[in-house]
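This report concerns only the one structure given below.
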Amino acid sequence: MRPARHAPFTPICDHTERPVAAFDRLDGMQRARNLIVCEHCDSVYRRRHLARGEVADCVVCGAVLERHQWLGVDAQFALIFAALIVFVIANVSPIVTLGLSGMKAATTLWGAVIAMWNDGAQIVAFLSAMTLFFFPLGQILIFGWVLWFARKGIRAPGFPLAMSALVRVKPWSMIEVFMLGTLVAVVKAHTYFDVVPGPGIWAFGFLTLLVTVFSSLDPRELWDMTAEAKA
Amino acid sequence: MSTPPRAIDLGMMACHVCRQVTAYTEDRHAHCPRCGNTLHARKHASVSRAWALLVAAAIFYIPANVFPIMRTQSISSKDDNTILSGILELWRAGSPGLAVIVFTASIIVPVLKFLIMGFLLVTVQRSSGMVARQRARLYRFVELVGYWSMLDVFVVAILSALVHFKILSRVEPLPGVVYFGIVVVLTMLSAMSFDPRLIWDNRKSQ
């Protein structure tokens, strides 16, 4: 990927003379839309159009300001829908099956959650249920909800709440870690048991891939791409 | 290229949730005109919150490592493993690659998080202007790798669910894994409470 730079923002009024007043003028909101503030160091930039594959980095602290959104709203919706299907498969089918002298044992994600709950590790059961089930599912459903309406260029009912939820939930979704954890568990169990990977492990693998694609998308772009439904 | 101005110097601030740029306000109850979340130029009580959560995490880190996280039971033997002994077993069982991954996620990452967060908090409190760009990079690193420490917790969860062959063979979670899960959540919360903008605020040198 070629790194791109945003043109540094030039102050609205020259120098230090009461910039707030200038900002508050009628055209303030319009100007504000063209501005982007680095979330990590507070530097202000004028946004510029990004070409395919470009990523704008902050020149001060090096954090990513924004990425080119390489998928349109329709494609994003398709991807979310795919993720929902894969998520369902990942949750209903066994992840791995163990064999020990004729006996068999299989588990799903919820099997793991219930096992932890029953064996006295309720906190871990709760954490696993949230980070592996409720947060990822919530992310998929909420993103799907706003995208469904965004395809028509309008904001879904509850749009501000949904957008805030997406931003807040994002760091707590841990599908990728679970995927790696499953692999480690398989290798550990392999020493004593016959291990047969189930369809669930493939589904989780595919879901990990989709999650990676999603993390390159910024749902906050939708604020600029949609308008109030009332208008 | 000249250094871009900072929002706070221009009398602006950006919503922490939706990034909408608004005029600066001291009002604690001001709301973002676009998404409705509370506006604040800097995260509230960032340093003290981050410290509190970090210290709490460090305290829980001791039982997380001392207590065993998992019990493997068969007819003839009972074997309790701590995080470290589990890694050693994985190494001896012939998967050194995975042992390195688990060691990185369970030992190196949490320790690095304690060190880096402590370093960031101390330098911010001293208004140090030293290596700001590198510190910003360290913070992004902590945010990026933080949640991978949950690896061992999930491994125990899957094994406990799978290995359930009555008296023949069983795997059970032990208290260590609960403490470890708490450590990961607390360090993540600590990193989220920290406001990286503080690295660039009131630097003495420069």
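Here, each number is a calculation from the coordinates, and none is a lab measurement. As the structure is a prediction and not an experimental result, all values here were calculated from the model. We place every Cβ from the backbone using ideal geometry, glycine too, and count neighbours over all the protein chains shown.
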Any idea what angle helix B:175-193 forms with the longest principal axis of chain B, computed on alpha-carbon atoms, 0 to 90 degrees, nearest 10? 10 degrees
Taking Cα atoms, the helix B:46-66 axis meets the longest principal axis of chain B at an angle in degrees (rounded to 10) of 10 degrees
Cα-based equivalent ellipsoid, region B:1-41: semi-axes from gyration tensor eigenvalues, Å: 21, 11, 6
If the cut-off is 18 Å between C-alpha atoms, which aspartates and glutamates fall inside it for B:Lys43, apart from same-chain ones fewer than 8 positions away? A:Glu39, A:Asp42, B:Asp9, B:Glu26, B:Asp27, B:Glu143, B:Asp195, B:Asp201
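Which of the trypsin sites (Lys or Arg not before Pro) across region B:81-132 are loop residues per DSSP, with 10 or fewer other Cβ within 10 Å? Show your work: numbers first, answer last.
Working: sites: B:Arg92, B:Lys113, B:Arg126; in loops: B:Arg126.
The qualifying sites are B:Arg126.
Mind checking region A:137-210 for trypsin sites (Lys or Arg not before Pro) that DSSP puts in a loop (not H, G, I, E or B) and that have at most 11 other Cβ atoms within 10 Å?
A:Lys152
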Here the FRET efficiency for B:Ile75 versus A:Ile114, based on Cβ atoms and R0 = 35 Å and rounded to 0.05, is 0.90
Residue with peak Gaussian network fluctuation, chain B [Cα springs, cutoff 10 Å], from B:Arg140, B:Arg34, B:Arg42: B:Arg34
For the pairs A:Lys188/B:Lys78; A:Lys188/B:Lys166; B:Lys113/B:Lys166; A:Lys170/B:Lys166, note any where the Cα-Cα span goes beyond 28 Å. B:Lys113/B:Lys166; A:Lys170/B:Lys166
Determine the calculated [θ] at 222 nm for chain B from helices alone, applying -39500 (n - 2.57) to every DSSP H run no shorter than 4 residues and normalising by the residue count; nearest 500 deg cm²/dmol. -16000 deg cm²/dmol
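Take the Cα atoms of the protein assembly as shown, build their convex hull, and give its volume per residue in Å³.
Considering the Cα atoms of the protein assembly as shown, their hull volume per residue is 153 Å³.
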GNM, chain B, Cα, under 10 Å: largest mean-square fluctuation among B:Pro63, B:Pro33, B:Pro196? B:Pro33
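Of all the C-alpha pairs in region B:1-138, what % are more than 25 Å from each other?
On the way: 5205 of 9453 pairs.
Roughly 55 percent, rounded to a whole number.
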